[in-house]
1. Among the numbered criteria (1) buried (at least 23 other Cβ atoms within 10 Å of the Cβ); (2) more than 19 Å from residue A:142 (Cα to Cα); (3) more than 8 Å from chain B (Cβ to nearest Cβ), which single criterion is violated by residue A:46?
2. Among the residues in region B:46-57, are any in contact (Cβ under 8 Å) with a residue 60 or more places away in the chain and surrounded by 14 or more Cβ atoms within 10 Å (Cβ to Cβ)?
3. Have a look at A:76, A:59, A:36 and point out the one that is within 16 Å of the chain's Cα centre (by Cα), modelled with pLDDT of 90 or more, more than 11 Å from chain B (Cβ to nearest Cβ) and buried (at least 23 other Cβ atoms within 10 Å of the Cβ).
4. Here is a check on your reading of the model: is residue A:102 buried (at least 21 other Cβ atoms within 10 Å of the Cβ), over 16 Å from residue B:16 (Cβ atoms) and either away from chain B (no Cβ under 14 Å) or at pLDDT below 90 (or both)?
5. So how many residues does region A:4-25 have that are more than 14 Å from every other protein chain (Cβ to nearest Cβ), out of contact with any helix residue (DSSP H, G or I) (no Cβ under 7 Å at 6 or more places or on another chain) and either touching a residue at least 60 places away in the same chain (Cβ under 8 Å) or over 17 Å from residue A:141 (Cβ atoms) (or both)?
6. Could you list, in sequence order, all residues of region B:5-64 that are outside any helix (DSSP H, G or I) and within 8 Å of chain A (Cβ to nearest Cβ)?
7. Can you list the strands (runs of 3 or more DSSP E) found entirely within region B:256-321 that contain at least 3 residues being over 22 Å from residue B:88 (Cα atoms) and modelled with pLDDT under 85?
8. Just to be sure, is residue A:83 farther than 22 Å from residue B:44 by Cβ, within 10 Å of the chain's Cα centre (by Cα) and crowded, with 17+ Cβ neighbours inside 10 Å?
């Protein structure tokens, strides 16, 4: 059920990224909704399936950014692996820590993705400008992600039935502190 | 358990990295197929968003669009009227030219004299049901019988539509009624203050009519036929011989001589007036005439005010005397 929900969210985010986001650019910064889908997969699945989502989102990023094939998947896999290890160790549950994680991931992905894709064309932009632009995008992405997380929490509270408990696959995730 | 989880994590991570490397290594033709698949998958959603945007755009636009449509419709109507006027003028000029060709131009310079009898149009209001009911009840005018107002003065027995002009204004039976340049009917009975009229769509209506054909030499009018009402917002054009070239969309004008019109009115019709457009034309095998259905340009329900064509003595001639 979680996978289906995530797939639907992924499709919705993809459509929004292409059709709505260009109209919502603020000072040249735009949110990366596909990265948010990957972050949500990390927060909700809490297992190794998140790497499958790294492949899916990476493919989408490459398809719509006309990037060098494979760069998106490689970058996202590396980033999500790091994030996954951090989550496993530090149990990231609060909104603030998730916000920071999303912002960091967005910043790293945006800057590294641009560097990688411009490296081949030997047209490396000014690092300071690139970092500034990536920081703007990361902040925008994190704010949108935080808004969505809050919205999901409110919707979950308002739901008469606790879907989260019923659909939670407790056999998959085991907290290292529960033993 | 933890070791198993860790092992699957490493396996999946390596698989993802391997996928990335594979995509980088394989020829772009293969990787493009994957990307095209993703792009195609996003199409339905994008179409949906586009439709929503269009719908939103349409829902915010209507007042402006409606105003524009109204403006364009008015402009079109004006242009159509102007076009019809020019067509009629051209017909008149063609007729004059033909006459000149037949008779020849006089050797001396002639001076056009004033006509003794000239056409005159009287504006008349169509009376509604409530007005007719009031008159029937005798409440409209307070003079009563002492003032000489009788029911017959209004032609109230008739079931036909009424106009508020009668014999006192010089209206006579058979006079034509127009809305602009379009014929809408003719006077049936005349009372003192009101008159009843036969609309062109009524089965009792009969009038002379001709079809205008567009040729290289301009508009040309065909032979005279008889226009009769069919009683259902349409008219039929009779007595048009098979030798005439008839097409749907051709325009129908009043005939040269209206047999129904009093002789003294014939000369006042200086130019043909418009009846409507052909919507059906059929020549059954062996039939002596065309079967033509005409859609009137204006029906009675569309107008509130009409013009009655009458004939008066030229006021200029009277002043000259």
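The values are calculated or read from the model by the stated rules, or taken from the named source; none is laboratory data. Small disclaimer: the values here were computed from a predicted structure and weren't measured. All Cβ positions, glycine included, derive from the backbone under ideal geometry; neighbour counts span all protein chains shown.
1. Among (1) buried (at least 23 other Cβ atoms within 10 Å of the Cβ); (2) more than 19 Å from residue A:142 (Cα to Cα); (3) more than 8 Å from chain B (Cβ to nearest Cβ), residue A:46 violates only (1).
2. Of the residues in region B:46-57, the ones in contact (Cβ under 8 Å) with a residue 60 or more places away in the chain are none.
Within region B:46-57, not a single residue is in contact (Cβ under 8 Å) with a residue 60 or more places away in the chain and surrounded by 14 or more Cβ atoms within 10 Å (Cβ to Cβ).
3. Details: A:76 fails: more than 11 Å from chain B (Cβ to nearest Cβ); A:59 fails: more than 11 Å from chain B (Cβ to nearest Cβ).
Being within 16 Å of the chain's Cα centre (by Cα), modelled with pLDDT of 90 or more, more than 11 Å from chain B (Cβ to nearest Cβ) and buried (at least 23 other Cβ atoms within 10 Å of the Cβ) holds for just one of A:76, A:59, A:36, which is A:36.
4. On the way: buried (at least 21 other Cβ atoms within 10 Å of the Cβ): yes; over 16 Å from residue B:16 (Cβ atoms): yes; either away from chain B (no Cβ under 14 Å) or at pLDDT below 90 (or both): yes.
The answer is yes for residue A:102.
5. Number of matching residues: 2.
6. Our first condition is that a residue be outside any helix (DSSP H, G or I); within region B:5-64, this holds for B:26-27, B:61.
Of everything in region B:5-64, just one residue is outside any helix (DSSP H, G or I) and within 8 Å of chain A (Cβ to nearest Cβ), namely B:26.
7. Values: elements: B:274-282, B:291-296, B:305-313.
Per the criteria, B:305-313.
8. Details: farther than 22 Å from residue B:44 by Cβ: yes; within 10 Å of the chain's Cα centre (by Cα): no; crowded, with 17+ Cβ neighbours inside 10 Å: yes.
No.
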